[in-house]
Amino acid sequence: MQPTQIPFAIAIHGGAGTILPEHMSAELQAAIEQDLANAVKAGHAILTQGGLAVDAVVAAVKVLEDSPHFNAGKGSVLTHKEMVEMDASIMDGRNSEAGAVACVRHIKNPITLAYDVMLHSQHVLLFGEGAEEFAFSRGYDFTEQDYFFTDRRYDQLMAIKEQGGVALSEANYSQGSYPDDGKHGTVGAVALDQLGNLAAATSTGGITNKRYGRVGDSPIIGAGTFAENGNVALSATGVGECFLRKAVTADIAARMRYLQEDVSVACENVIQGELKQIGGEGGVIGLDAQGKVHFAMNSTGMYRASIDTNGLLQVKIYAE
Ligand code: ASP
């Protein structure tokens, strides 16, 4: 007889937005799917070995930050000043510990720094130069802006500057001069480990043509990221200003905690309801304490993958 398996699972996202098959080449789709599979497997390997959910989400997010296909770490979108400014956060559902960084420019893996803020500072959120000073004091390398810069992001910024707005990395500019046939997005992960711990992590370059110093939802606990043992782990992606105004992940967790809503009901209620009503395009990934995964989105797609409690791998891009 097989020993009873303690359920564990992981889910990730690589951003939501106007993701349409007609804007995607077969090669690009295959490369993105490969990165998503690699990321979710990296996190799952840690869970399989009995590692912590919080380490699994960091491992998964790092793979996505290192890929040029997503709007986090390498491949981050550019600000109006043609620079990369990245935000990231992590939450450990065991003890409600959290760490975050905002507006960092020279850190290869902002999620690792967010984790170190949680573990080794007395704070939850460090910003800009202060965050980088903390990083360098802990031995982080200074990564030049050139590392993050991609031609595609530059072309994308130029197109959006012409239109005078800001845009999600996956926004649809087919009617204008949006030249970015590659669809890239904010990244995140949620995990449940064999001890029943939940954790969530999110990392982003933000939105194209954002003002210098703009901070979105991704580094804000309760907006872009939330985890609470016995309840749920959540990571969001979409128009950060709307996710901030609706405290999206805190609201989903509260619905589950106080109304006993199922993870799928709570996620859909917020993403298709109040968030959509204020124009908040995007989505969220949720994982409950039993290992049930739910992906909710009000956009045409969200890069996503999961390995469920049965060990089944799924990778998806478009809304269903
Ligand atoms: N939520 C991110 C932000 O507003 C963007 C995204 O998810 O693509 O910074």
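Read-outs throughout are calculated quantities, based only on the coordinates presented, and are distinct from any laboratory measurement. Worth saying up front: this structure is predicted, and the values here are computed from it rather than measured. Here the Cβ is made from the backbone with ideal geometry for all residues, glycine too, and neighbour counts use every protein chain on show.
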Using all Cα-Cα distances in region 259-320, what percent lands in each 5 angstrom bin from 0 up to the longest?
-> 4, 18, 25, 25, 17, 9, 2, 0
Pop a pseudo-label 7 angstrom from the Cα along the beta-carbon direction at both residue 310 and residue 211 and give the gap in nm to one decimal.
-> 5.0 nm
Region 1-151, relative contact order [Cα under 8 Å, separation at least 6], % | 17 percent
What is the dipole size for the chain, taken about its Cα centre, with +1 at each Lys and Arg Cβ and -1 at each Asp and Glu Cβ, in debye to the nearest 20?
-> 320 debye
By how many degrees, between 0 and 90 and to the nearest 10, does the Cα long axis of helix 151-163 differ from the longest principal axis of the chain?
-> 70 degrees
Kindly provide the pair-distance distribution of the chain built from C-alpha pairs, with 20 Å bins from 0 and whole-percent values in order of increasing distance.
-> 38, 57, 4, 0
Inverse of mean 1/r across different Cα pairs in region 44-178, Kirkwood, Å | 15.9 Å
Gained length - residue 136 relative to residue 29, 0.36 nm times residue gap less alpha-carbon distance = 34.9 nm
Surrounding charge for residue 52, neighbours by C-beta under 11 angstrom, Lys/Arg +1, Asp/Glu -1, total -2
Given a cut-off of 32 Å, name the pairs among 62/292; 161/276; 161/246; 210/292; 161/292; 62/276 whose C-alpha atoms lie farther apart than that in the structure shown.
-> 210/292; 161/292
Ranked 97, 132, criterion: other C-beta atoms within 10 Å, fewest first = 97, 132
Given charges at Cβ of Lys, Arg, Asp, Glu: region 1-151 dipole, positive-most of 45, 128, 31 = 45
Give the relative contact order (percent, whole number) for the chain; include only Cα pairs under 8 Å separated by 6+ residues.
-> 25 percent
Dipole-positive endmost among 266, 240, 203 within the chain (Cβ charges, Cα centre) | 266
